[in-house]
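Okay, structure first, notes after.
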Amino acid sequence: MGASLDDPSCRLFVEPYDSDGFYLTIEAPEPGDDETSWEIEVDRWVPDDPEEEPGDHTNATGQDMVGCSLPVAPTAEEIAHLLKSVDEKPLLLAEWAESRVGAVLAGTAMVVTERYVS
């Protein structure tokens, strides 16, 4: 699994191998920002060329699928559990992407607060 810390935006970007183009972002509020919630999003790479298949594309744009706004910062253990779950089962991201608003992401306590695609 590939992961990176995007500093200074306080964002983790996680793209597991064999995830069918799905990826996860975990964004902490920036210091001094009035916005106090953490944001967890499941997104998917969508080929820029409609003739290309996901995974076999040359260029793609990220499409937001679902998001969870967390008013309280997750613990380090919760973040580690989230990352470990995605590493062990990359297609869990595809399952989470189908979640409806109000649903809990399977295997976590995080509730979907936003659905970006229908």
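Read-outs throughout are calculated quantities, based only on the coordinates presented, and are distinct from any laboratory measurement. Only a predicted model underlies this, so the values are computations on that prediction, with no experimental measurement involved. Every residue, glycine as well, gets a Cβ built from its backbone with ideal geometry; the counts of neighbours run over all protein chains shown.
Laid out as a table, the results:
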| item | result |
| --- | --- |
| Phi to ³J(HN,Hα) by Karplus 6.51 cos²θ - 1.76 cosθ + 1.60 over the range 68-78, Hz, x for Gly, Pro | 10, 9, 9, x, 10, 4, x, 6, 4, 5, 5 |
| From the C-alpha gyration tensor of the range 55-118, square roots of 5λ in Å | 21, 16, 11 |
| Amide N proximity, the range 71-92 versus residue 18 label position 7 Å along Cα-to-Cβ, cut-off under 11 Å | 88-91 |
